[in-house]
């Protein structure tokens, strides 16, 4: 026997799917319906678990990867849902089992050294790799400033507040407030100057770092 | 089941973590490496959400994808096709505010809050703000995800409002003054040199000492009534104001003037300039007399996100220019 809650959810999801179908892509009605549909599917507790018991420690990664792709597919292909052929959950689980889980297996198993950090891992972790990182290369370039281009760019009437100095401070992690205090210049003036100059030099930096 | 909640939960899949780890490895400082990891997860969550909603995004051309920008800025932008950069700010589990790095105050069409949880298995997209120029934004003041989609699907320079004026009615876009400070100025707003100089008696200075940060722009306004052509220049000068001890909020001081153009020495008489709130309340008004060289509003101040309108009226002709700070 089907419980009233399940019937209720089926009706609700079906209503959302049909609402989305009735409105054109990018319309607000369709977007709201799709958002609620995805939330409803995730909270339904009725998603199947294909090939449970296999893939040991990789199962959850495969499952999440597949679910992500599945939800995106549903949003982009909601017009393919046919209420005459079954409930939304039946359609979703069929796609999950027969297509998206299978496709996710090689995707996840094929990844080298898959690491999933938690916030605590990130707090604990120290500096990566002993070899020079990209930041080191940028830092070195900023220090050398081979053609003095970085030094020459400075905030109007403040020759000491030049782009090289600002980059050095920011790469060391010094706050905008401290830099503002040091030079007696307001943060928006400093940060917008910094942004524009970074925009100007970013290609040059990249070329240097890649070579 | 109540599905009407205003947020959206995204799974942070193995692919998202792998991308984050790959970017993290490029940076030595632990804090920077952590920042890059979390920023990457936030961008991937927003990218997924917007793709579900049918919007076109391009992460690989975003600054957050580029190691140089990652190193030099606290950056988490996502390029939204036909719209611009949307900044995706990661929010730590217990946080009640969104932090926005000053180096990302320019060139952004909004800031989306993406709340993370300790295991980093899911991210919740909470809402967004267009407010720029603040480092800390309270989560309770975020605008909804529905509004975000509307905002991202509207034309780049804010909404276009029809103006109900008499003879000269026209459509105008709200001009964003904060963007002027980043040197992003609409083509119709020209430098004073281009539009007016040399012009005697022109003094558009907000402070007695020259201030490097002042931006001055002018726009030609055509107040034609049938055969009687009359053109004037609307001048706007802005300068960022320093944050006060009480607030980190930076604002802008604004001076508005109207000058004659085309070699004329005087403005037409009875030309009225008015300052209005977004809702149409008049804050101040000045009217030209016979032989006025120029007229100006009392200088005023505002903070990013505030709207105001300037209306020029001459006889039956009336033109309204809309601004957002």
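Bear in mind these aren't lab numbers, they're just calculated from the coordinates by the rules spelled out. In this text, all values refer to a predicted model and were calculated from it rather than measured experimentally. Note that we place each Cβ from the backbone using ideal geometry, even for glycine, and neighbour counts take in every protein chain shown.
So the values come out like this:
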quantity	calculated
Neighbour-count ranking [beta-carbon atoms within 10 angstrom, fewest first] of B:149, A:109	A:109, B:149
For chain A, calculated [θ]222 nm from helices alone, where every DSSP H run of n ≥ 4 adds -39500 (n - 2.57)	-19500 deg cm²/dmol
Over chain A, relative contact order from alpha-carbon pairs under 8 Å, at least 6 apart, %	14
Rounded to 5, percent antiparallel among DSSP beta bridges of region B:8-153	75
Cα gyration tensor shape for region B:8-153, rounded if a/c is under 1.5, else prolate or oblate	rounded
Antiparallel DSSP beta bridges within the protein assembly as shown, percent to nearest 5	90
Tensor-based shape of chain A (alpha-carbon gyration tensor, a/c under 1.5 rounded, otherwise prolate or oblate)	prolate
Residue-averaged beta-carbon neighbours from other chains (10 angstrom radius) around A:150-161	1
Of A:154, A:23, A:15, the one that fluctuates the most in a GNM where chain A has Cα springs shorter than 10 Å	A:154
Separation of the residue B:277 and residue B:191 label points, Cα + 7 Å toward Cβ, nm	3.8
Highest-MSF residue in chain A out of A:102, A:169, A:85 [GNM, Cα springs under 10 Å]	A:169
Inter-label distance, nm, simple model (7 Å from Cα along the C-beta direction), residue A:175/residue A:56	4.8
Cα-projected label distance for residue A:48 with residue B:144, points at 7 Å along beta-carbon direction, nm	3.6
Residue order, fewest to most surrounding Cβ atoms within 10 angstrom, among B:107, A:61	B:107, A:61
Alpha-carbon centroids, region B:74-108 and region A:64-113: separation in whole Å	30
Ranking of B:104, B:231 by count of other Cβ atoms within 10 Å, fewest first	B:231, B:104
Shape call, the protein assembly as shown: gyration tensor on alpha carbons, a/c limit 1.5	oblate
Shielding by other protein chains, B:45-53, mean Cβ within 10 Å	4
